[in-house]
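First the structure, in the form of structure tokens, and then the observations on it.
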There are 2 protein chains.
Amino acid sequence: MDTETVASVRRFNRTVTERVGALDESYLGRGRPLGETRLLWEIGPDGVDVRDLRRRLGLDAGYASRLLRSLESERLVVVEPGSPDRRVRRARLTAKGRAERGELDRLSDGLAASLLEPLEQSQRARLVAAMDEVERLMRASLVTITVADPADADARWCIEQYFAELGERFEDGFDPAISIAAPIDELKPPTGLLLVAHLRRQPVGCGALKLRPGRPVELKRMWVSPEVRGLGLGRKLLRELERHAAAAGADTVRLETNRSLTEAIALYRTAGYREVEAFNSEAYAHHWFEKRL
Amino acid sequence: MDTETVASVRRFNRTVTERVGALDESYLGRGRPLGETRLLWEIGPDGVDVRDLRRRLGLDAGYASRLLRSLESERLVVVEPGSPDRRVRRARLTAKGRAERGELDRLSDGLAASLLEPLEQSQRARLVAAMDEVERLMRASLVTITVADPADADARWCIEQYFAELGERFEDGFDPAISIAAPIDELKPPTGLLLVAHLRRQPVGCGALKLRPGRPVELKRMWVSPEVRGLGLGRKLLRELERHAAAAGADTVRLETNRSLTEAIALYRTAGYREVEAFNSEAYAHHWFEKRL
DNA sequence: TCCATTGTCTGACTCTAGTCAAAGAGTATC
DNA sequence: GATACTCTTTGACTAGAGTCAGACAATGGA
């Protein structure tokens, strides 16, 4: 990576942390330690299980407990045994807590506005546009791809979303019963493999392989959540899947797809897949592709 | 400011602090508290007076002293009485300190690169371009304008830069002796006023008024440092000067300028100045402008 | 029923990043 | 030479943010 590029990034980091960091830390305190504020914020209007809260913020159990006690003593939060498991406690905001959270929300808005405030109208528009671009691209680089157990909640959620989208986009809807089955529990070694992409612990995409010894690997269940489309996640997933296929000893990857999935088809073509004769009788397929690894 | 704009800024803040902040704080530690690292960095290859160091980082005297002791005990820094004033101590890096600082530099580079690393080539280019834009505009919003004593080092530096630039840009060079004098020490109340713009405590621009009771205010010494041009600082300075002129009771502002200063002329025109007959015999002037406040 | 596991709470501790006041050493000014 | 002032150091203190181990209560299986 060339020096000028790195220098740009370093300049950016410096200016932005100076400007954004300083504001955030000083103004959002509201006389309360920042840790408590973060907690108050994350509890959200509907309450959360303390366990999830801890996991989401990466807090030590003891520390989290103490922070909650402190928020409780300010009457901003109540913590009560959850159901059905009474060990997992649930934190909820009180009316006062919700009011305080609303106040924080307003403050954050004000803070954001104060970043733009010293600028001319046209400069503001340019800044916001550039911020959107930076944010999108950084978000893209925060996506992680991991091998998942198809029984995981996140994995199942992705596959549900995938089916739901097929139902919307296929001309005649989509009924999994008519499609060639790739039973979900086969998508783990040794018969298959499932990758799930996460962004900030939220699942945002998936892709799977069907592995059968001596036969080409089949690519299945490629899905990218609408909120992260256009960031190259599809291509990244595809590359990862191919890597796993090669590692499993395959020399060919195959897939079939429906003509309505135009961006997927474009992706396959630019990734080196070439269209081949139908190699199965999938009811919903119009195109069959193959790539030698 | 509309909701979508504010939401964009908030999204940006969140993603960027998560991505940049986390990296910065964890990786740049090198087993040393961050405060010490900052100090090490700021001392720089040539050493600094402890007093300046403290002022630059905004540190408490006691705290700074302790940090320096700690760096000294690691043999990264030596602090010795300065000359000529032996109260003002001077901090210098040892060879080990310079090596360590170099290491930090390399780490920062790596960190910057790691932000780009997960992206495709074309996405990288877009990210860097957007970062440059954000950085420039945020830098613009960090500029502060204050009334300065013309005897201040920063003020004198700006005016020197201004003369130097005139020397370069005027077709026949510039000799202050031939120009109508605006003796520098007149640029303070009640005979005048000098504004200096700072960016991170560095002077980056200036502008002055000559005030004479019962006569139009004269605008002088408008200069913007090349590194912040194109960010609207000139217009901002001009507005501030007009504000001060009005506050001093003036109803008219006048100025003369050289034809080679095209962007300044454009600025005056769009700011409501209209060209008038020559009202003085300034040797270097080709245009005279006036604005009623 | 017993027992390992999970989730939470508490007390005791650490480290970082400060602040504040007093005092010493040097310098400037009368 | 006395005195005021500046720069720095030192000691004593604080708050925030977090770690770690032990205790205890629910839960899930064998």
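The values are calculated or read from the model by the stated rules, or taken from the named source; none is laboratory data. Computed from a predicted model, the values in this text were never measured in an experiment. Heads up, the Cβs are rebuilt from the backbone with ideal geometry, glycines too, and the neighbour counts pull from every protein chain shown.
Mind listing whichever residues of the stretch B:133-146 are aliphatic (A, V, I, L, M) and within 7 Å of chain A (Cβ to nearest Cβ)? Can you show your working first?
Filtering the stretch B:133-146 for residues aliphatic (A, V, I, L, M) gives B:134, B:137-138, B:140, B:142-143, B:145.
B:134, B:137, B:138, B:140, B:142, listed by residue number.
Report whether or not residue B:101 is within 15 Å of residue B:47 (Cα to Cα), in contact with a Phe, Trp or Tyr (Cβ under 9 Å, 6 or more places away or on another chain), more than 8 Å from chain A (Cβ to nearest Cβ) and away from DNA strand C (no atom under 16 Å from the Cβ). First the steps, then the outcome.
Values: within 15 Å of residue B:47 (Cα to Cα): yes; in contact with a Phe, Trp or Tyr (Cβ under 9 Å, 6 or more places away or on another chain): yes; more than 8 Å from chain A (Cβ to nearest Cβ): yes; away from DNA strand C (no atom under 16 Å from the Cβ): yes.
Yes, satisfied.
How about the stretch B:62-88: which of its residues are acidic (Asp, Glu) and away from DNA strand C (no atom under 12 Å from the Cβ)? Let's see the steps before the verdict.
Filtering the stretch B:62-88 down to residues acidic (Asp, Glu) leaves B:72, B:74, B:80, B:85.
Those that are acidic (Asp, Glu) and away from DNA strand C (no atom under 12 Å from the Cβ): B:72, B:74.
Would you say residue B:285 is modelled with pLDDT under 95, surrounded by 13 or more Cβ atoms within 10 Å (Cβ to Cβ) and not in a strand (DSSP E or B)? Give the derivation first.
Numbers: modelled with pLDDT under 95: yes; surrounded by 13 or more Cβ atoms within 10 Å (Cβ to Cβ): yes; not in a strand (DSSP E or B): yes.
Here the answer is yes, as residue B:285 does meet what is asked.
Report those helices (runs of 4 or more DSSP H) wholly inside the stretch B:32-113 carrying at least 3 residues which are more than 12 Å from DNA strand D (Cβ to nearest atom). Don't jump to the end; show me each part of the working.
Working: elements: B:34-43, B:50-57, B:61-73.
By residue number, B:34-43.
Regarding the stretch A:183-194, can at least one residue be identified that is under 18 Å from the mean Cα position of the chain (by Cα), assigned to a helix (DSSP H, G or I), modelled with pLDDT of 85 or more and among the aliphatic types (A, V, I, L, M)? Working first, answer last.
Start the filter on the stretch A:183-194 by keeping residues that are under 18 Å from the mean Cα position of the chain (by Cα), which leaves A:194.
Filter once more, keeping what is assigned to a helix (DSSP H, G or I): none.
Scanning the stretch A:183-194 turns up no residue that is under 18 Å from the mean Cα position of the chain (by Cα), assigned to a helix (DSSP H, G or I), modelled with pLDDT of 85 or more and among the aliphatic types (A, V, I, L, M).
Let me confirm something: among A:18, A:4, which residue is surrounded by 12 or more Cβ atoms within 10 Å (Cβ to Cβ) and more than 27 Å from the chain's Cα centre (by Cα)?
Details: A:4 fails: surrounded by 12 or more Cβ atoms within 10 Å (Cβ to Cβ).
The conditions single out A:18.
Which of the residues that make up the stretch B:21-31 are loosely packed, with under 15 Cβ neighbours inside 10 Å and within 12 Å of DNA strand D (Cβ to nearest atom)?
B:22, B:25, B:26, listed by residue number.
Can residue B:118 be described as without any contact (Cβ under 8 Å) to a residue 24 or more places away in the chain and within 14 Å of chain A (Cβ to nearest Cβ)?
Values: without any contact (Cβ under 8 Å) to a residue 24 or more places away in the chain: yes; within 14 Å of chain A (Cβ to nearest Cβ): yes.
In short, yes.
Which of the numbered conditions does residue B:130 fail, given that it passes all the others? Conditions: (1) in contact (Cβ under 8 Å) with a residue 40 or more places away in the chain; (2) within 14 Å of chain A (Cβ to nearest Cβ); (3) within 24 Å of the chain's Cα centre (by Cα).
Status for residue B:130: all satisfied but (1).
Of the conditions (1) surrounded by 13 or more Cβ atoms within 10 Å (Cβ to Cβ); (2) of a type in the set (A, V, I, L, M); (3) in a helix (DSSP H, G or I), residue A:266 satisfies every one except a single condition; which number is it?
(1)
Would you check if there is a residue in the stretch B:49-61 being loosely packed, with under 13 Cβ neighbours inside 10 Å, within 12 Å of DNA strand C (Cβ to nearest atom) and away from chain A (no Cβ under 14 Å)?
yes
Every residue in the stretch A:224-253 that is under 19 Å from residue A:290 (Cβ atoms), modelled with pLDDT under 90 and within 21 Å of the chain's Cα centre (by Cα), please.
Passing the criteria: none in range.
Among the residues of the stretch B:154-182, write down those that are closer than 29 Å to residue B:213 by Cα and part of a loop (DSSP other than H, G, I, E, B).
B:175, B:176, B:177, B:178, B:179, B:180, B:181, B:182
Go through (1) more than 16 Å from DNA strand C (Cβ to nearest atom); (2) among the aliphatic types (A, V, I, L, M); (3) under 20 Å from residue A:201 (Cβ atoms) one by one and return the number of the condition residue A:91 breaks.
It fails just one condition, (1).
Any residue at all in the stretch A:68-90 that is more than 14 Å from every other protein chain (Cβ to nearest Cβ) and at positive phi? Give the steps one after another, and end with the answer.
Filtering the stretch A:68-90 down to residues more than 14 Å from every other protein chain (Cβ to nearest Cβ) leaves A:68-90.
After this cut, where a residue has to be at positive phi as well, the list is A:75.
Yes, the conditions are met somewhere in the stretch A:68-90.
Give me a count of the residues in the stretch B:195-228 that are part of a loop (DSSP other than H, G, I, E, B), surrounded by fewer than 17 Cβ atoms within 10 Å (Cβ to Cβ) and touching a residue at least 12 places away in the same chain (Cβ under 8 Å).
Step one: filter the stretch B:195-228 for residues part of a loop (DSSP other than H, G, I, E, B), giving B:200-201, B:211-216, B:225.
Narrowing the set further to residues that are surrounded by fewer than 17 Cβ atoms within 10 Å (Cβ to Cβ) leaves B:200-201, B:212-215.
Next cut, touching a residue at least 12 places away in the same chain (Cβ under 8 Å) only: B:200-201, B:212.
Counting residues in the stretch B:195-228 that are part of a loop (DSSP other than H, G, I, E, B), surrounded by fewer than 17 Cβ atoms within 10 Å (Cβ to Cβ) and touching a residue at least 12 places away in the same chain (Cβ under 8 Å) gives 3.
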